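What follows is a set of notes on a single structure, which appears directly below.
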Amino acid sequence: MDSHVQGPTEPALLPHTIGAALAQAARLWGEREAVVFPAQGVRLTWAELHRRAGDFAAGLLAHGLLPGDRIGIWSLNRVEWIITQFAAARAGLILTTVNPAYRLDELEFALNKVGCRALILSPPFKTSDYPALIRTLAPELDQAVVGDLTAARLPHLKLVIQMEAPTLAGAAGFAAVEAAGRTAGSDALHAVEAGLSCDDAINIQFTSGTTGRPKGVTLSHRNILNNGYMAGMTMAVTPDDRICIPVPLYHCFGMVLGVMVGVAHGSAMVFPGEGFDPLVTLQAAAAERCTALYGVPTMFIAELEHPRFAEFDLSSLRTGIMAGSPCPIEIMRKVIDRMHMSDITIGYGMTETSPLSFQSALDDPLEQRVSTVGRIHPHVECKIIDADGAVVPTGVPGELCTRGYSVMIGYWDEPEQTADAKDAEGWMHSGDLATFDDAGYCRIVGRLKDMIIRGGENLYPREIEEYLYRHPKIQDVQVFGVPDARYGEQVCAWVVLTEGETMDEAELLAFCHGEIAHQKLPRHVRFVREFPLTVTGKIQKFVMRDMMVRELGIQD
């Protein structure tokens, strides 16, 4: 069999906009809780969320924004984020999600790349003083009239909105924009909404590329609303479910698999805090009687290993999504056994595909759920190809490509980069190495750029990691290649040990001898406390590789 799969055509795709989905949620589940932010002491029903999003949308239009304008949001998880997401969708604005970890150069690039006319700022959080940083880029705010900023370094930016009371002279307060919307009334907003299409661009998310500048992935209502709808169908969520969402809203995991699942299915969304904290997440999941929990593997590991884990009653949990990076089998088993998440699903995708293309089903056998990323989503088509573009046989690794409703519109203002990633037939090339089995289950075996070529043989880090995870002393492990004069590359393993355990390289290699092929044995082993991560918890293997190159004095 060839490695080519096509998803079912049921359920049908939703044909409407995100604003229409929110209006429907308000009609169907108006008095039910929509969002809960314990750290802010805020609870909103679907009716209240619809009203506040309408007020804020009308306020944005009253401040001179027009459909198609880009509006940036630079914040961790707060209720204003959710209101802004729906307000922008209703006003036909393209929400540009700015990584909260960005500093001045990255922020300046992102805002200018897409020509943001407005920017919404979070209050200071830990070491990030967002108002002070934007003031550094745009000191003209000190003398600006609200809505009429002229800044030399940010020439497109006209309106700055602070989520709390303004501390910048030329900025508006979030509450004041809502009030302006109530004063203006809803006629202008309704006129805009009547002209919107589900194929309109609604979101720009910047990829955290390992080389070069980030690219702005441009997505439509149709892309993200339907991806959330299908993900929720796979988890069988209903208005009775409560989803604990500790993943960031600026990333597609939070804003699509969190918010779009919620609005499409009427499920309550519980956001434990502004940033991820394992203890706060456990507290929120228990106190709010959440039925679903999201996270990347590193988050689940932090929760399971927290010294107070046993204090929390997590018996209400049933399902959720683990995604964002390869999910270790042993961690998956612990989540099912110790966190009561018998129906947890594994998801796989990429920002450019809105994000999910594959997800495990609730009735998949445990072995399939812990060793694969499930089967293809509805209305999506995937194939695995070799270096020449030919579809490979089942079981043979190659590059995974995706086609269907979920594929992005393109990279903002990057036609050449778009054409490189999304070919003329509409296939999005992922850069991920995968295999299909005869039943259509997908296994991700690594990244094209992460594959280790040792002595001409292809080695897949994921396979070696999965074996090492079996050792009871190993909490987490990452395997990658480092340059080698004789073999081209050698295997390197970074290992995080379980609290209180000790191990040396000889013990680790003894565990491997006779169990995995000699060429897969780690040539270099380092025991570390943590791995370099992106703000979303993704492992940065390229950083680890560069550190090893410097440490070993290798000519790369």
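The values are calculated or read from the model by the stated rules, or taken from the named source; none is laboratory data. Keep in mind the model is a prediction, meaning the values are calculated, not measured. Backbone-built Cβ (ideal geometry, glycine too); neighbour counts: all protein chains shown. Remember, those area values only see protein heavy atoms, side chains included, never the ligands or the DNA or RNA. Shrake-Rupley method; radii C 1.70, N 1.55, O 1.52, S 1.80 Å.
Please give the number of the condition residue 233 fails out of (1) assigned to a helix (DSSP H, G or I); (2) buried (at least 24 other Cβ atoms within 10 Å of the Cβ).
Going through the list (1) assigned to a helix (DSSP H, G or I); (2) buried (at least 24 other Cβ atoms within 10 Å of the Cβ), residue 233 breaks only (2).
Identify, from the list 138, 91, the residue that is over 22 Å from residue 165 (Cβ atoms), open to solvent by less than 10 Å² (accessible area, probe 1.4 Å) and over 23 Å from the mean Cα position of the chain (by Cα).
91
Which condition from (1) touching a residue at least 40 places away in the same chain (Cβ under 8 Å); (2) closer than 25 Å to residue 280 by Cβ is the one that residue 340 breaks?
Among (1) touching a residue at least 40 places away in the same chain (Cβ under 8 Å); (2) closer than 25 Å to residue 280 by Cβ, the lone unmet condition for residue 340 is (1).
Restricting to region 141-164, and then to whatever is farther than 28 Å from residue 275 by Cα and of a type in the set (S, T, N, Q), can you tell me which residue is most open to solvent (accessible area, probe 1.4 Å)?
143
Is it fair to say residue 433 is open to solvent by less than 20 Å² (accessible area, probe 1.4 Å), over 21 Å from residue 403 (Cβ atoms) and either out of contact with any Ser or Thr (no Cβ under 6 Å at 6 or more places or on another chain) or of a type in the set (Lys, Arg) (or both)?
Spelling it out, it is not the case that residue 433 is open to solvent by less than 20 Å² (accessible area, probe 1.4 Å), over 21 Å from residue 403 (Cβ atoms) and either out of contact with any Ser or Thr (no Cβ under 6 Å at 6 or more places or on another chain) or of a type in the set (Lys, Arg) (or both).
Output yes when any residue across region 90-99 is in a helix (DSSP H, G or I) and at negative phi, and no when none is.
Looking for residues that are in a helix (DSSP H, G or I) and at negative phi, one finds at least one in region 90-99, hence yes.
Quick check, is residue 402 surrounded by 15 or more Cβ atoms within 10 Å (Cβ to Cβ) and not in a strand (DSSP E or B)?
It is false that residue 402 is surrounded by 15 or more Cβ atoms within 10 Å (Cβ to Cβ) and not in a strand (DSSP E or B).
Rundown of residues vs (1) in contact with a Cys (Cβ under 9 Å, 6 or more places away or on another chain); (2) among the acidic types (Asp, Glu); (3) closer than 26 Å to residue 206 by Cα, yes/no style:
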{"residue": "37", "(1), (2), (3)": "no, no, yes"}
{"residue": "43", "(1), (2), (3)": "no, no, no"}
{"residue": "46", "(1), (2), (3)": "no, no, no"}
{"residue": "55", "(1), (2), (3)": "no, yes, no"}
{"residue": "74", "(1), (2), (3)": "no, no, yes"}
{"residue": "87", "(1), (2), (3)": "no, no, yes"}
{"residue": "95", "(1), (2), (3)": "no, no, yes"}
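I want to confirm something. Restricting to region 115-135 and keeping residues that are aliphatic (A, V, I, L, M) and surrounded by fewer than 22 Cβ atoms within 10 Å (Cβ to Cβ), which single residue is nearest to residue 169 (Cα to Cα)?
The selected residue is 132.
Having 3 or more residues that are open to solvent by less than 10 Å² (accessible area, probe 1.4 Å) is the bar; report the strands (runs of 3 or more DSSP E) wholly within region 1-65 that clear it.
33-37
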